[in-house]
Amino acid sequence: MTVPEGAARPVGLVARLLSRKAGAMLVRNTVVSCLAFAFDLGALWALVRWAGLGKLAAAAIGFVAANTLHYALGRSWIFRGTDRGLASGYLYFLANAAIGLAVTMALYAAFLRFTSIDYLVARVIVSVFAGLTVFVLNAVLNFRRL
């Protein structure tokens, strides 16, 4: 296949992921992820302490609320300019979050079983891998910005 003169050549996924654009989006995503995680922990604490909810129910509510916040900030700041519809983007975002949760649990279980790393340190390490996975899924498949 030849590319017409003056037309942009297609760029592979690896090149797109290693681009300056991807780096800028990843920095913004990291800021938003930290904010959403703090919100999640705060909501969990408040729902258990003040609302008297069970810890599992509170964790589920906090997870959905934090991911909704992350989606709103992601759509407007991290992945601005997306053509993805609001509702479908949110559903894809939640599906990607579920994949991230699965990656987190699988890697966390492996760290706990096969290493002597402290459980909290293991959780932080695992969150980096899960976060990068979800970032790539959202950047490439959901918001189509890379």
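Below, the figures for the structure above:
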item	result
Where trypsin sites (Lys or Arg not before Pro) fall in DSSP loop in segment 1-94, at most 16 other Cβ within 10 Å	R80
Debye equation applied to the C-alpha atoms of the chain, log10 I(q)/I(0) at 0.11, 0.19 Å⁻¹	-0.50, -1.20
Neighbour-count order for Y108, Y119, fewest beta carbons within 10 angstrom listed first	Y119, Y108
Alpha-carbon Rg/Rh ratio, for segment 67-146, with Rh computed the Kirkwood way	1.08
Contact order relative to length of the chain, as percent, for alpha carbon pairs under 8 angstrom and 6 or more apart	25 percent
Footprinting exposure proxy for W50, W45 (fewest neighbouring C-beta atoms within 10 Å first)	W50, W45
Under 13 Å, Cβ to Cβ, from F111 - net charge with Lys/Arg +1 and Asp/Glu -1	+1
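All of the numbers you see were taken from the coordinates with simple rules; none came from a lab. On a predicted model such as this, the values are computed, not experimentally measured, just so you know. Cβ: placed from backbone, ideal geometry, glycine included. Neighbour counts: every protein chain shown.
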